[in-house]
Amino acid sequence: MFRSLLVALAALLATPALAAPPVWTVRDADSEIVLFGSMHVLPKDLDWKPPALDAALAQADDLWFEVPMDAAADRRMQDLAGAYGLLPPGQTLTSRLKPRAAARLRKLASRLDVPMSEIERLKPWMAEVRLTTAAFAQDQGLAEGGVERRLQAAAPPKVVRKAFETPDEQMALFAGASEADQVRTLDATVRQLEKDPGAYRRLVAAWSQGDQKALERAVVGGMRKSSPALYRRFIVERNARWMDALQARLAGSGRTVVVVGAGHLLGPDGLPARLRALGYDVEGPQ
């Protein structure tokens with residue numbers, strides 16, 4: 001990768017019975033794939049797992065994530081972040097920004113208690129990740145409470161864990177984006193975090209209620225409109241590659257659970273829509 005109803009949303013997120021993120025089920029004669037859209041960062045006390053997902057995991061042969069969810073992959077991602085996310089010595093992030101964008105960045109970093117001495121060393125994409133993570137943490141969003149970590153731990157040991165991408169492949173997606181696109185999306189994120197600090201809570205509320213239209217607007221709508229190149233890079237092209245693995249799995253037999261970022265399951269470019277277009281039987285939201 002990747003916010004005035006705040007009181008009402010806080011009450012909503014404290015009510016586990018209302019949490020019902022959508023699940024899609026794809027079937028052919030001898031195969032079943034359950035698709036579940038992840039929120040990578042969640043409030044740790046939110047009870048979000050739908051019964052259909054629990055049932056699918058109990059019977060699954062394999063469980064797919066975007067990247068492996070193990071200690072070795074975590075270490076590799078940290079190493080790669082250091083290698084690809086830092087500017088060369090002597091260079092600064094704000095020197096790459098327009099004066100007003102740099103001023104907005106400094107103001108937001110101060111509000112989030114992120115030292116500018118740290119931000120200045122980061123490439124635009126890594127600075128965006130750092131600031132977004134800090135904003136989520138202030139709003140009780142924790143990576144440890146994200147979907148993937150909890151499912152990795154909860155799935156039965158017999159379930160084979162697999163991944164669509166390696167850490168190197170995923171990191172290359174971020175690091176390989178043009179600097180102009182990185183700067184543009186960084187400034188857009190800074191503006192959003194500055195003007196709409198309740199967006200994260202609304203995003204979690206839309207996800208937990210299964211509100212597909214609100215989720216699509218929040219997760220992919222802005223990227224599709226403001227950065228078509230990044231939308232193609234991060235959503236369209238990756239989905240096309242992942243479809244190869246899904247079709248190969250459907251050509252075999254057995255039960256599979258797929259857990260990827262919610263943005264990959266939304267709209268006409270999402271995995272459910274792509275599978276329907278190929279004639280597969282897909283149960284779930286249209």
Requested in this report: May I ask you to give the solvent-accessible area per residue for the range 17-101, in square angstrom, as obtained with a 1.4 angstrom probe?
Outcome: 49
Query - Loop-located trypsin sites (Lys or Arg not before Pro) in the range 23-94 whose Cβ has at most 15 other Cβ within 10 Å (DSSP) - result: K44
**Report entry** Entries in K158/K213; K44/K162; K44/K98; K107/K213; K162/K195 that, when Cα-Cα distance is taken, lie over 30 Å
**Finding:** K158/K213; K44/K98; K107/K213; K162/K195
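Before I look further, what does the range 129-230 give for accessible area per residue, probe 1.4 Å, in whole square angstrom?
Values: 4880 Å² over 102 residues.
That works out to 48 Å² for each residue.
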Query raised in the report: Out of residues 5 or more away from L86 or on other chains, whose amide H comes under 5 Å of its own, with H placed 1.01 Å from N in the peptide plane?
Result: K123
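Please report, as a whole percent, how much of the solvent-accessible surface of the range 144-248 comes from carbon and sulfur atoms (probe radius 1.4 Å). It would help to have the intermediate numbers written out before the result.
Numbers: 2670 of 5000 Å².
Of the solvent-accessible surface of the range 144-248, carbon and sulfur hold 53 percent.
Divide by every residue of the chain the summed helix terms, -39500 (n - 2.57) for each DSSP H run of at least 4, and state the resulting mean residue ellipticity at 222 nm, rounded to the nearest 500 deg cm²/dmol. Show your work: numbers first, answer last.
Details: 15 runs with 144 residues, N = 286.
The per-residue figure over the chain is -14500 deg cm²/dmol.
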Report summary line: Between the residues G252, P50, L193, the Cα farthest towards the positive end of the dipole of the chain, that dipole coming from +1 and -1 charges on the beta-carbon of Lys, Arg, Asp and Glu, is from L193
Query raised in the report: Using alpha-carbon positions, what is the distance between the centroids of the range 88-136 and the range 55-86, in Å?
Result: 26
Query raised in the report: How big is the accessible area of E128 in square angstrom, nearest 10, if you roll a 1.4 angstrom probe over the protein chains?
Result: 40
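The values are calculated or read from the model by the stated rules, or taken from the named source; none is laboratory data. This structure is a prediction, so every number in the text was calculated from the model and none was measured. Positions of Cβ are backbone-derived with ideal geometry, glycine not excepted, and every protein chain shown enters the neighbour counts. Only protein heavy atoms, including side chains, enter the accessible area calculation; ligands, DNA and RNA are left aside. Shrake-Rupley method; radii C 1.70, N 1.55, O 1.52, S 1.80 Å.
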